[in-house]
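The values are calculated or read from the model by the stated rules, or taken from the named source; none is laboratory data. Note that this is a predicted model, so its numbers are computed, not measured. Note that we place each Cβ from the backbone using ideal geometry, even for glycine, and neighbour counts take in every protein chain shown.
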Amino acid sequence: MRVVLFTGKGGVGKTTTAAATAVQAARQGIKTLVMSTDTAHSLGDALGVDLTTAPDDPDPVVTVEPGLSALQVSSAHSVRRSWRSVQDYLLIVLKGLGVDPVVADELTQLPGADEIVALLELREQVGSGLWDLVVVDCAPTAETLRLLALPEALAWHLEKLMPVQRGLLRSLRPAAVAATGLPFPGLHVLDTLRQWQESLHDIQSILTAETTSVRLVLTPERVVIAESRRTLTSLRLYGFAVDQVVVNRVFPQAGRPQSGGPHAGCPEPGSPEADYPGSGRELTHNPWLAGWNEAQQRGLAEVRHSFEPLPIVITPYLSHEPVGTDALAALAAARTGGIHDVLTTTPVHGMTVHPDDGGYLLSLPLPLVTATEVDLKRRGDELLVSVGDHRRVLSLPSVLRRCVVTGAVVRDAMLGVRFVPDEKVWPVV
Ligand SMILES: Nc1ncnc2c1ncn2[C@@H]1O[C@H](COP(=O)(O)OP(=O)(O)OP(=O)(O)O)[C@@H](O)[C@H]1O
Ligand SMILES: [Mg+2]
């Protein structure tokens, strides 16, 4: 079972690329599901199929063609309902603490309910065992990063809310209630929390599995590339594997003979893309296109410089919107560059800890950043790593818990943090 997620800046062609990848895989005989976590329902538009199903439909999967199914994640009602019992409890606690009811209501809203629905649906589909490949069309970058970081962050919060030993808790209840004067969570609240924890754990396992990867879709423009660079850093910070960069909407080359074999953005005559604006002589005399070619070539050089050795796939800018499975299959076939079999996974390394010079070195892949952009903080058994708006709370392996941090470097796309055993001797007085 392979899971491939597509993300990127708004409007760059994520849905189109995800759908094209899914159609191509399905036509190669791979049992494929393409699903969208985006609440804007454009996956159905790209496939040319209506994917709307009734809210709470037990089987929202729609067959698009043999081997290809699609799913549009529906509203977050059910998740909000399940959160309700936890929220009711928290409201009572906050009220007991004298928090203003309006503020309390805001505080207890479940963050990212839409994202959670999408993740729960992904978990269900992966667990169904029906698919060889699940392609996920994600919302634009910011939402996707929130989506991907959510399970770990929420699990962290739930852990603080719910002691692991439920039995112990039960025996402690009367004492705790007496001590704090606050109501203790009812068993149904604890059950809900436990179910949430389990789900989040499953989701986290799916997202960080070796068979799951993220593909970054971008267009060769400076602003888009700059955002994509930051996205790559954030994805790696959260520990996700990125295994491909897709450059979409690459114009055909002005003045290049169309019969010279396949090359970036220039389709073969007779190919489905041969209806480019000026697939013949006009390309030679088109200053507008020549201007774009030049800008895009600079953009492509920057993409290579930023993202190599990641495979870079070039998708041509068609003269029409690729809508419907045939058009999407043709778009997938017209791609060039570092394409590899969609089921192939490349091992990607996460955080490692090695003995080093009398202490330990914790290494975390963190591409495209300089030391000044990274902020580190130690909090008990956790290490907080922040880059820009993104922060990851790393739970330290036990070997590092009794160590102190003595320094950190960013080198060769890695963050290295040095720990040495805390051998301070405390005087006994
Ligand atoms: N290579 C291409 N050639 C021609 N048109 C394209 C190409 N890629 C995408 N499009 C068109 O561009 C528009 C936006 O594409 P798409 O919906 O896939 O982007 P998106 O990144 O998913 O957008 P959003 O951020 O809104 O989800 C669509 O109309 C799509 O048909
Ligand atoms: Mg989209």
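Details
- Asp38 in a loop (DSSP other than H, G, I, E, B), under 23 Å from Ala209 (Cβ atoms), charged (D, E, K, R) and in contact (Cβ under 8 Å) with a residue 12 or more places away in the chain: yes
- Meets criteria (away from ligand 2 (no atom under 16 Å from the Cβ) and touching a residue at least 12 places away in the same chain (Cβ under 8 Å)) for Ala334: yes
A quick yes/no check of all residues on (1) under 21 Å from the mean Cα position of the chain (by Cα); (2) assigned to a strand (DSSP E or B):
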residue: Pro347; (1), (2): yes, no
residue: Val353; (1), (2): no, yes
residue: Val385; (1), (2): yes, yes
residue: Glu423; (1), (2): no, no
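- For the criterion of being of a type in the set (Val, Ile, Thr) and either within 16 Å of ligand 2 (Cβ to nearest atom) or modelled with pLDDT under 95 (or both), Thr346 passes.
- Candidates Leu328, Leu300 - the one that is within 16 Å of ligand 2 (Cβ to nearest atom), surrounded by 15 or more Cβ atoms within 10 Å (Cβ to Cβ), part of a helix (DSSP H, G or I) and under 24 Å from the mean Cα position of the chain (by Cα): Leu328
- Filter result (away from ligand 1 (no atom under 16 Å from the Cβ) and surrounded by fewer than 18 Cβ atoms within 10 Å (Cβ to Cβ)) within the stretch 28-48: Gln28, Gly29, Lys31
- Qualifying residue in the stretch 10-17 (condition: part of a loop (DSSP other than H, G, I, E, B) and either surrounded by 16 or more Cβ atoms within 10 Å (Cβ to Cβ) or more than 16 Å from ligand 2 (Cβ to nearest atom) (or both)): yes
- From the list Leu384, Leu376, Leu366, the lone residue that is touching a Lys or Arg at 6+ places or on another chain (Cβ under 8 Å) and surrounded by fewer than 19 Cβ atoms within 10 Å (Cβ to Cβ) is Leu384.
- All positions within the stretch 350-400 that are out of contact with any helix residue (DSSP H, G or I) (no Cβ under 9 Å at 6 or more places or on another chain), under 16 Å from Arg236 (Cα atoms) and among the acidic types (Asp, Glu): Asp375
- Test: residue in the stretch 406-420 that is without any contact (Cβ under 8 Å) to a residue 24 or more places away in the chain, surrounded by fewer than 16 Cβ atoms within 10 Å (Cβ to Cβ), over 23 Å from Phe307 (Cα atoms) and more than 21 Å from the chain's Cα centre (by Cα): yes
- Among residues of the stretch 363-393, those that are aliphatic (A, V, I, L, M) and within 25 Å of Phe307 (Cβ to Cβ), counted: 8
- On inspection, Leu51 passes the criterion of being modelled with pLDDT of 75 or more, in contact with a Gly (Cβ under 7 Å, 6 or more places away or on another chain) and buried (at least 19 other Cβ atoms within 10 Å of the Cβ).
- Residue satisfying condition, being within 15 Å of ligand 1 (Cβ to nearest atom) and either touching an Asp or Glu at 6+ places or on another chain (Cβ under 7 Å) or touching a residue at least 24 places away in the same chain (Cβ under 8 Å) (or both), within set Val323, Val369: Val323
- Residue within the stretch 19-27 that is over 24 Å from the mean Cα position of the chain (by Cα), under 24 Å from Val245 (Cα atoms) and at pLDDT 95 or above present: yes
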